[in-house]
1. Applying the selection to the stretch 59-104, what residues are basic (Lys, Arg) and within 16 Å of Ile204 (Cβ to Cβ)?
2. If I ask for residues that are in a helix (DSSP H, G or I) and among the aromatic types (Phe, Trp, Tyr), which ones from the stretch 132-171 would you list?
3. Can you say whether Gly202 is within 26 Å of Ala111 (Cβ to Cβ), buried (at least 20 other Cβ atoms within 10 Å of the Cβ) and either in contact with a helix residue (DSSP H, G or I) (Cβ under 8 Å, 6 or more places away or on another chain) or at pLDDT below 95 (or both), as far as the supplied structure shows?
4. Out of the residues in the stretch 177-186 that are out of contact with any Asp or Glu (no Cβ under 9 Å at 6 or more places or on another chain) and assigned to a helix (DSSP H, G or I), which is farthest from Arg198 (Cα to Cα)?
5. Run down Pro95, Pro120 and say which single residue is in contact (Cβ under 8 Å) with a residue 60 or more places away in the chain, in contact with an Asp or Glu (Cβ under 8 Å, 6 or more places away or on another chain) and not acidic (Asp, Glu).
6. Inspect the stretch 161-170 for any residue being touching a residue at least 40 places away in the same chain (Cβ under 8 Å) and farther than 25 Å from Glu215 by Cβ and give the result as yes or no.
7. Would you be able to tell me the number of residues in the stretch 62-98 that are within 10 Å of the chain's Cα centre (by Cα) and either closer than 16 Å to Arg197 by Cα or of a type in the set (Val, Ile, Thr) (or both)?
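The values are calculated or read from the model by the stated rules, or taken from the named source; none is laboratory data. These numbers were taken from a predicted model, which means no experiment stands behind them. Cβ placement follows ideal geometry from the backbone for every residue including glycine, while neighbour counts extend to all protein chains displayed.
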Amino acid sequence: MDHSTWASFPWWLIFPVWAVFGGRFAARRRGRRRMQGLPQAEAPHRPSAAEARAEQRAQWERQVASARQLIADHDAVNGRWLAYELDVAKLIDFPMMTDVREPLTVDFIRAKRAADGLRPGSPEALLQDDGVGEYREAVRRYEVAFDLAEREALRLRDAHYSQLEQRRLAQARQLLRVAVDPAATANERQLAYTRVRRELEGIIVLPVEAVAALERRVVLGLPAGSDARRPTDGAA
């Protein structure tokens, strides 16, 4: 075939012919795959409106559960702090937990206030305000700061206080036993309580709740563990 013949050849017919034979080949191939039990390529599933709503609902419920757990984590740290906040004897044993001269104590108190300030009224309210990220970060900082402060307080006890301060703490510890002793008279308990406050002055800053719980025991002569009153929020 010379050049002039090739130029006049209807070469464009190759494409439709190829498409016809290619389609037949693909159909035969799909038929063989069905006969052999091979998986067929399927069109992607498009969820219905009901399925989409169900998935959105499930996603919302997962987010609510996560927010609820975050609030529970916050409550857990507050509960650990309450063990000190309501117990003067424990604060005397571990005075660093309220000693604002200690950087770790200051960090923990600040972190607590930040987390408490961001605490939502409910998991749903937290999600609606889109404050999950900020609140989660505040709770985690609170957890870490409390862990560090408590670990150091348990390790040092009163070892980093002066000898005079240690003697005053020991005296306050002895007087506290009298102040909360149901067998002591009301006058003995009140006198011992007054002296406890005097010995602790300048060393331990007693939380308001700790003072209130102690005063109830002193006035009423209640035994240890009988004061069931508890605050809903142990703010420092």
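1. Lys90, Arg101
2. Passing the criteria: Tyr135, Tyr142, Phe146.
3. no
4. Among those residues, the one meeting the criterion is Ala186.
5. Pro95
6. The answer is yes; a qualifying residue exists.
7. 2
One line per residue, one yes/no per condition, for (1) among the hydroxyl-bearing types (Ser, Thr, Tyr); (2) buried (at least 22 other Cβ atoms within 10 Å of the Cβ); (3) outside any helix (DSSP H, G or I):
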position: Ala83; (1), (2), (3): no, no, no
position: Ala89; (1), (2), (3): no, no, no
position: Met96; (1), (2), (3): no, yes, no
position: Arg101; (1), (2), (3): no, no, yes
position: Leu104; (1), (2), (3): no, no, no
position: Asp107; (1), (2), (3): no, no, no
position: Lys112; (1), (2), (3): no, yes, no
position: Gly117; (1), (2), (3): no, no, no
position: Gly121; (1), (2), (3): no, no, yes
